[in-house]
């Protein structure tokens, strides 16, 4: 039979023309693409369901809740080792507080993402999940080593509930000391930062001023401010004013040096462009030199603030009759080490908060560098 006879007949009885194989394959391909694609494997569906479950359950939050539950159990269910004639106060309260934190974390971990406010709170707490668990375990170990077994001897070491007792019973004296330290630190740092900034701008802008000021900075700047403590207490009319001078000295040196460096490092092209547009010297200093030096100025402020903390504590311990440094000396004199630890925690939180505030000011003033340095 011929090829023509082998072709099928159409409805008019004529032989239909044979379509090329490529056209047939193309038609088949187009038909197959119209159908929805089936899942490649069952593992894809499993991964999707696992991701859905993960989006509703905060796993690290559950671990942190278990850790706080363990801390509450250690505090409430494990009897204290009585030292002397009295038991540790607020033991049951601190255990109940641990269980309350555990319940809150468990609630957020399981159902927190079902509601909009809970999702926002979980999103903020999620990076701190490992730390929440670690803090609970640290508190539990601290409780075991002090109140439960006495491995760490008293009165040099006290359990966490002893700090709660100090914060409740000695709150007026501790709060007054913190306020006095803030007042002294604020006056000293503000004075030193202002003087250091003016000196740095003057030295960086004027060679004549730099000729006289630079040697003084090189000689007196590296000298620790605490080394001048006896001389300052002798020269100034009060220990408070002497402490202000020492804090200002510790703050002013890094601010002056780094402001000077920032002004000197501003590109010459910026000054040339401003002069071409008719800028005078005052405009060049205020609108070109100082904005260009601000990143270096904030570095100097960070360094000066850190140095001022040391000078503040030493000055309050040695001569100023108020503040957290004085509180540490007072607690040591009475062998009240629990009060010392309570004051150290307040001091750490206070100083860390001040540096955080300075970073916030830096991010606001230097918006183009926001997030480059984090605290």
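All of the numbers you see were taken from the coordinates with simple rules; none came from a lab. Please read these numbers as outputs of a predicted model, since none were measured by experiment. Note: ideal-geometry Cβ built from the backbone for every residue, glycine included; neighbour counts use all protein chains shown.
Compute the projected area of the convex hull of the Cα atoms of region 54-154, averaged over all viewing directions, and report it in nm² to one decimal place.
Approximately 6.6 nm², given one-decimal rounding.
Among 321, 183, 148, which comes first, second and so on when ranked by fewest other beta-carbon atoms within 10 Å? Don't skip to the answer; put the middle values down first.
On the way: 321 11, 183 14, 148 19.
Going from sparsest to densest Cβ surroundings: 321, 183, 148.
Test of understanding: what is the full-extension gain from residue 92 to residue 124, defined as 0.36 nm times their sequence separation minus their Cα-Cα distance?
This chain segment gains 8.5 nm when fully extended.
Quantify how much of the Cα-Cα distance distribution of region 214-267 extends past 19 Å, in percent.
37
Would you mind ranking 310, 356 by Cβ crowding within 10 Å, fewest neighbours first?
Numbers: 310 14, 356 11.
Ordered from fewest to most neighbouring Cβ atoms within 10 Å, 310, 356 come out as 356, 310.
7 Å from Cα along Cα→Cβ at both residue 83 and residue 182: what's the point-to-point distance in nm?
Result for the modelled spin labels: 3.2 nm.
Work out the FRET efficiency for residue 114 and residue 190 from their Cβ-Cβ distance, taking R0 = 51 Å, and round it to the nearest 0.05.
Result of the calculation: an efficiency of 0.55.
What value does region 108-213 have for Rg/Rh, both radii from Cα atoms and Rh as Kirkwood defines it?
1.27
Counting other beta carbons within 10 Å of each residue's own, what order do 290, 110 fall into, fewest first?
110, 290
Under the Kirkwood approximation for Rh and a Cα-based Rg, what ratio Rg/Rh is obtained for region 149-273?
When Rh is taken as the Kirkwood radius, the ratio is 1.22.
Would you please state the base-10 log of I(q)/I(0) at q = 0.15, 0.17 1/Å for region 220-375, with intensities from the Debye formula using one equal scatterer on every alpha carbon?
For the requested q values the scattering log ratios are -0.91, -1.04.
So if I take the centroid of the Cα atoms in region 276-300 and the same for region 125-154, what is the distance between those two points in Å?
Distance between centres, Cα-based: 51 Å.
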